[in-house]
Amino acid sequence: MDKLVIKGGNRLSGALPISGAKNAALTLIPCALLTEEPLTLRNLPRLADIDGFQHLMGQFGVTVSIQGNRPEDFGRVVTYEATRVTNTVAPYDLVRKMRASILVLGPMLARMGEATVSLPGGCAIGNRPIDLHLEALKAFGAEIELAEGYVRAHAPDGGLPGGNFDFPVVSVGATENALMAAALANGTSRLGNAAREPEIVDLCNLLVAMGAEIEGIGSSDLTIHGVKRLHGATYRVMPDRIEAGSYACAAAITGGEVTLDGAKAGDMAATLHALRNIGVECEEVKNGVHIAANGKLLATNLSTAPYPGLATDMQAQLMALLCRAEGTSVLTETIFENRYMHVPELTRMGARIETSGRTAIVHGVGSMTGAEVMATDLRASMSLVIAGLAADGTTNVNRLYHLDRGYERLEEKLQLVGADIERVGAE
Ligand code: EPU
């Protein structure tokens with residue numbers, strides 16, 4: 001298996017292109033199931049998760065054609081055409097590899113009146129149940145049964161009536177599934193305490209471009225007037241705010257200065273706020289965000305929360321940065337119950353971190369040392385890359401498939417701004 005070899009100590013400087021957002025793309029692609037007309041997505045990142053999702057779409061009879069990229073986009077242009085849906089089952093083998101597969105449930109049910117999707121099961125960062133996805137669809141009139149590890153959903157004859165649902169806990173995925181289903185329901189649906197992450201806004205904007213009627217976009221109270229049919233569209237995937245935030249941490253830990261080309265400051269306000277508290281200058285510039293650090297990092301306390309709070313997907317990367325800050329920081333992870341899997345690995349590199357339940361206390365250290373490390377999830381792996389960029393000596397990050405799921409051309413982008421990083425195949 002490949003690994004990343006990082007020689008720490010280089011100060012990052014220059015411009016780094018930000019890709020289309022993985023987590024937006026993973027909810028925009030299943031929208032193709034909502035219409036028999038072609039859906040073209042631009043600025044799609046080249047990632048293992050996107051390839052996996054496209055493979056899943058192929059199983060349903062959706063044709064996927066890749067058209068290369070456009071000069072103004074970093075990513076690909078891909079057209080999805082679900083003229084005829086030939087299969088309504090998302091099998092265990094594909095769902096197991098990619099939890100986001102559950103996002104076909106809502107659109108498939110709305111278009112076909114039935115959908116069968118394997119239960120995804122737990123994952124490295126927690127239990128991750130899908131009860132809220134199912135409760136919302138039930139509130140819209142779906143009949144749902146669980147059997148043999150699968151969710152089988154049916155709409156009444158004539159389609160989903162639509163309905164009201166208040167989320168007891170904010171869920172990005174459940175809000176996405178509910179939105180896609182409600183768009184084609186017979187009546188009006190209302191979602192209370194809905195997620196309002198920028199990726200949800202991106203989904204709403206695509207649905208509107210396809211002919212959906214949605215009120216309250218960007219708020220936690222969404223009203224969706226179902227329409228009889230949706231049409232095709234061409235839509236550009238939003239920039240990846242988590243990728244941008246990750247590279248901001250990478251630049252900051254090296255005392256560097258980078259421009260995140262294409263990043264949208266407004267989508268990453270909580271991350272930029274945290275970075276400023278750590279002593280990093282962050283400035284919105286034309287078509288991007290400029291990050292400048294002077295080598296001195298300050299401790300700060302952080303707590304993750306649903307948007308507009310600090311993204312849980314930034315917790316590990318900010319922790320890596322705080323390992324090198326002056327003073328003691330307290331981090332609280334409120335979204336996932338088991339998202340400190342990077343702590344033992346950072347500790348092996350010389351970090352001083354104590355965890356207790358959802359809290360982590362990070363005592364800043366003057367230096368860290370390179371080590372052989374591996375992580376169990378995407379963002380945890382990125383935190384090890386960030387720590388490695390400023391560690392003494394060489395860090396080998398193993399289990400690269402996690403990073404390949406979510407960071408497009410990671411080593412190329414970091415090389416572009418001066419990092420000593422390369423991917424090597426296993427001996
Ligand atoms: N939850 C439930 N029941 C549900 C759904 C969620 O209890 O039916 C709980 C979860 O267990 C969790 C909380 O609600 O404690 C929030 O989970 P959410 O549903 O918002 O997460 P998700 O939709 O499964 C997406 C991203 C994650 C990101 C979270 C939170 C995608 C494909 N994934 O997951 O991204 O951490 O929202 O912002 O959009 C990543 O990119 O590394 C990643 C894990």
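Specify which of the listed residues (252, 274, 263) is touching a helix residue (DSSP H, G or I) at 6+ places or on another chain (Cβ under 7 Å) and outside any helix (DSSP H, G or I).
263
Being under 16 Å from residue 270 (Cβ atoms) and in contact (Cβ under 8 Å) with a residue 60 or more places away in the chain is the filter here; which residues of segment 313-334 pass it?
313, 314, 315, 316, 317, 318, 319, 321
Across segment 335-356, what is the total count of residues that are farther than 22 Å from residue 248 by Cβ, among the acidic types (Asp, Glu) and free of Cβ contacts under 8 Å to residues at least 60 places away in the same chain?
1
Can you pull out the strands (runs of 3 or more DSSP E) entirely within segment 90-202 that have at least 1 residues that are surrounded by 24 or more Cβ atoms within 10 Å (Cβ to Cβ) and more than 18 Å from the chain's Cα centre (by Cα)?
114-118, 150-154, 188-192
Quick check on segment 384-394. Is at least one of its residues surrounded by 16 or more Cβ atoms within 10 Å (Cβ to Cβ), assigned by TED's automatic domain parsing to the domain that holds residue 259 and part of a strand (DSSP E or B)?
No, segment 384-394 has no match at all.
Does residue 363 fit the bill of being surrounded by fewer than 21 Cβ atoms within 10 Å (Cβ to Cβ) and not hydroxyl-bearing (Ser, Thr, Tyr)?
yes
Need pairs with beta-carbon distance below 9 Å; first residue more than 22 Å from residue 197 (Cα to Cα) and within segment 270-295, second of a type in the set (D, E, K, R) and assigned to a loop (DSSP other than H, G, I, E, B); sequence gap 6+ or separate chains.
279/296; 295/11
Failed condition for residue 407, given (1) within 14 Å of residue 17 (Cα to Cα); (2) surrounded by fewer than 24 Cβ atoms within 10 Å (Cβ to Cβ), with all others met?
All conditions pass for residue 407, except number (2).
Please find, within segment 236-258, the residue that is surrounded by the fewest Cβ atoms within 10 Å (Cβ to Cβ) out of those that are among the β-branched types (Val, Ile, Thr) and under 21 Å from residue 44 (Cα atoms).
Looking at the filtered set, the residue picked out is 242.
For residues that are charged (D, E, K, R) and surrounded by 14 or more Cβ atoms within 10 Å (Cβ to Cβ), scanning just segment 71-89, find the one that is farthest from residue 408 (Cα to Cα).
Taking the candidates together, the pick is 81.
Residues 68, 14: which one is in the same structural domain as residue 232 (by TED's automatic domain parsing), part of a strand (DSSP E or B), at positive phi and surrounded by fewer than 19 Cβ atoms within 10 Å (Cβ to Cβ)?
Exactly one residue qualifies, and that residue is 68.
Yes/no matrix, rows are residues, columns are (1) in contact with an Asp or Glu (Cβ under 9 Å, 6 or more places away or on another chain); (2) farther than 30 Å from residue 174 by Cβ; (3) among the charged types (D, E, K, R); (4) not assigned by TED's automatic domain parsing to the domain that holds residue 28:
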| site | (1), (2), (3), (4) |
| --- | --- |
| 210 | yes, no, no, no |
| 220 | no, no, no, no |
| 225 | yes, no, no, no |
| 232 | yes, no, no, no |
| 245 | yes, no, no, yes |
| 253 | no, yes, no, yes |
| 259 | no, yes, no, yes |
| 268 | no, no, no, yes |
| 276 | no, yes, yes, yes |
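Would you check which residues across segment 106-155 are more than 13 Å from the ligand (Cβ to nearest atom) and without any contact (Cβ under 8 Å) to a residue 12 or more places away in the chain and list them?
Those that are more than 13 Å from the ligand (Cβ to nearest atom) and without any contact (Cβ under 8 Å) to a residue 12 or more places away in the chain: 145, 147, 148.
Search segment 340-383 for residues being among the β-branched types (Val, Ile, Thr) and in a loop (DSSP other than H, G, I, E, B), and hand back the single one that is nearest to residue 402 (Cα to Cα).
376
Right, residue 265: in contact with a Cys (Cβ under 8 Å, 6 or more places away or on another chain) and buried (at least 18 other Cβ atoms within 10 Å of the Cβ) or not?
Yes, satisfied.
The values are calculated or read from the model by the stated rules, or taken from the named source; none is laboratory data. Note that the coordinates shown come from a computational prediction; the quantities given were computed from them, not determined experimentally. As a convention, Cβ positions derive from the backbone with ideal geometry for all residues, glycine included, and neighbour counts pool all protein chains shown.
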